[in-house]
1. With respect to the numbered conditions (1) surrounded by 16 or more Cβ atoms within 10 Å (Cβ to Cβ); (2) of a type in the set (Gly, Ala, Ser); (3) under 30 Å from residue 25 (Cα atoms), which one is the sole condition not fulfilled by residue 222?
2. Could you grab the pairs with beta carbons closer than 7 Å, sequence gap of 6+ or different chains, first residue in the stretch 236-263 and on the phi > 0 side of the Ramachandran plot, second one part of a helix (DSSP H, G or I) and crowded, with 23+ Cβ neighbours inside 10 Å?
3. Please give the number of the condition residue 168 fails out of (1) of a type outside the set (Lys, Arg); (2) more than 27 Å from residue 268 (Cα to Cα); (3) open to solvent by 50 Å² or more (accessible area, probe 1.4 Å).
4. For residue 87, work out the one condition from (1) surrounded by fewer than 22 Cβ atoms within 10 Å (Cβ to Cβ); (2) over 16 Å from the mean Cα position of the chain (by Cα) it doesn't fulfil.
5. Please specify each residue of the stretch 81-113 satisfying the condition of being of a type in the set (Ser, Thr, Tyr) and farther than 16 Å from residue 30 by Cα.
6. Looking at this structure, is residue 7 open to solvent by less than 70 Å² (accessible area, probe 1.4 Å), under 30 Å from residue 237 (Cα atoms), within 10 Å of the ligand (Cβ to nearest atom) and outside any loop (DSSP other than H, G, I, E, B)?
7. Given the criteria in the same structural domain as residue 171 (by the TED database), part of a helix (DSSP H, G or I) and not hydroxyl-bearing (Ser, Thr, Tyr), does residue 77 qualify?
Amino acid sequence: MDHQLIVLGAGVMGTGITTLALRHGVPVTLVDTSEEILTAARARIATELRTAQLVAGPAEADPGVLRTATSALPAIGTATAVIEAVVEDAEVKAEVLATVSAAAPGIPVITNTSSIPVDELADSVARPEDLLGTHFMNPSYLIPTVEVIRGPRTGEKAMAAAGDLLAALRRKPIVVRDAPGFVTSRLLHPMINDAARIVQEGTASVEDVDALMTGCLGHPTGPLRTADLIGIDNLVDALWVLHKRTGDERSRPCDLLLGKVREGHHGRKTGRGFYEYEKVFS
Ligand SMILES: NC(=O)c1ccc[n+]([C@@H]2O[C@H](COP(=O)([O-])OP(=O)(O)OC[C@H]3O[C@@H](n4cnc5c(N)ncnc54)[C@H](O)[C@@H]3O)[C@@H](O)[C@H]2O)c1
């Protein structure tokens, strides 16, 4: 099958998923709210394509064509799937999903939410059977496994179509049931929050927390460097989603994380979070 993707949201994840698709020869229409954001996204995707080539080797296919737009609707007639990667805000996602799903009969509408239950978002779409979750991780053009969330109303046809797309992107899907934070964010996000709390309480420095988790426990990246990679603003949004829906106090964002969001120190994407970075993309 020839795939044609619409990706909604040209931030960290939208650009990463677009890079992955282009590398596998899949054309993408990438949508965001302004031309300025889309111009920055194009530059970022060019860099990511080079990084992917260096780290993962040459692409197997001629690169897919990239189009950018401030509305998904003109491209919806020829799309084979929509992947939503806008901010982690249930209301914003509901609005965006409602608009595309009303215009896109019969193709999978996929949310890349990291914490909002798929079935909650299914209330806003035209056909809940078309909606499922794919939790690509960052950087999605390098990470081979994808957590796939099947909501209670997700249909067989959407699951099969998403499976076909992931196979074309050479990703390994692991299908889980729907719940706040699914598996990965339910485990990872409170752990990162605890790591920040440990720093806040003065038990250890940022560097030492990360060095212990990598050096003693074999994590590939320490939790606080991971927070910078995710984006601390997005991490805090997802922690609030988890806290609100589970009541788990470990998911209430700690003051250190909230302070970094207030100060605009969102991690790699702003050049500063727990660490400092030379290259800033947004
Ligand atoms: N950052 C990660 O590591 C990570 C990992 C897995 C999943 N996610 C999830 O992926 C989604 C995107 O996260 P991100 O880190 O890319 O966020 P981000 O803040 O980097 O980007 C979000 C983008 O959405 C755009 N946007 C907002 N409203 C929009 C609208 N109405 N239409 C189109 N675009 C709109 C913003 O302008 C922004 O460019 C979130 O649901 C997040 O929880 C993030």
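1. Only one criterion in (1) surrounded by 16 or more Cβ atoms within 10 Å (Cβ to Cβ); (2) of a type in the set (Gly, Ala, Ser); (3) under 30 Å from residue 25 (Cα atoms) is unmet by residue 222, namely (3).
2. none
3. Every condition holds for residue 168 apart from (3).
4. Among (1) surrounded by fewer than 22 Cβ atoms within 10 Å (Cβ to Cβ); (2) over 16 Å from the mean Cα position of the chain (by Cα), the lone unmet condition for residue 87 is (2).
5. 101, 113
6. yes
7. Yes, satisfied.
Let's see how each residue does on (1) within 21 Å of residue 11 (Cα to Cα); (2) assigned to a loop (DSSP other than H, G, I, E, B); (3) within 16 Å of the ligand (Cβ to nearest atom); (4) hydroxyl-bearing (Ser, Thr, Tyr):
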position: 43; (1), (2), (3), (4): yes, no, yes, no
position: 48; (1), (2), (3), (4): yes, no, yes, no
position: 54; (1), (2), (3), (4): no, no, no, no
position: 62; (1), (2), (3), (4): no, yes, no, no
position: 67; (1), (2), (3), (4): yes, no, yes, no
position: 71; (1), (2), (3), (4): yes, yes, yes, yes
position: 86; (1), (2), (3), (4): yes, yes, yes, no
position: 95; (1), (2), (3), (4): yes, no, yes, no
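The values are calculated or read from the model by the stated rules, or taken from the named source; none is laboratory data. Since the structure is predicted, the reported quantities are computational estimates derived from the model, not experimental observations. Please note: Cβ atoms are built from the backbone with ideal geometry, for glycine as well, and neighbour counts cover all protein chains shown. Ligands, DNA and RNA are excluded from the accessible area calculation, which covers all protein heavy atoms including side chains. Shrake-Rupley method; radii C 1.70, N 1.55, O 1.52, S 1.80 Å.
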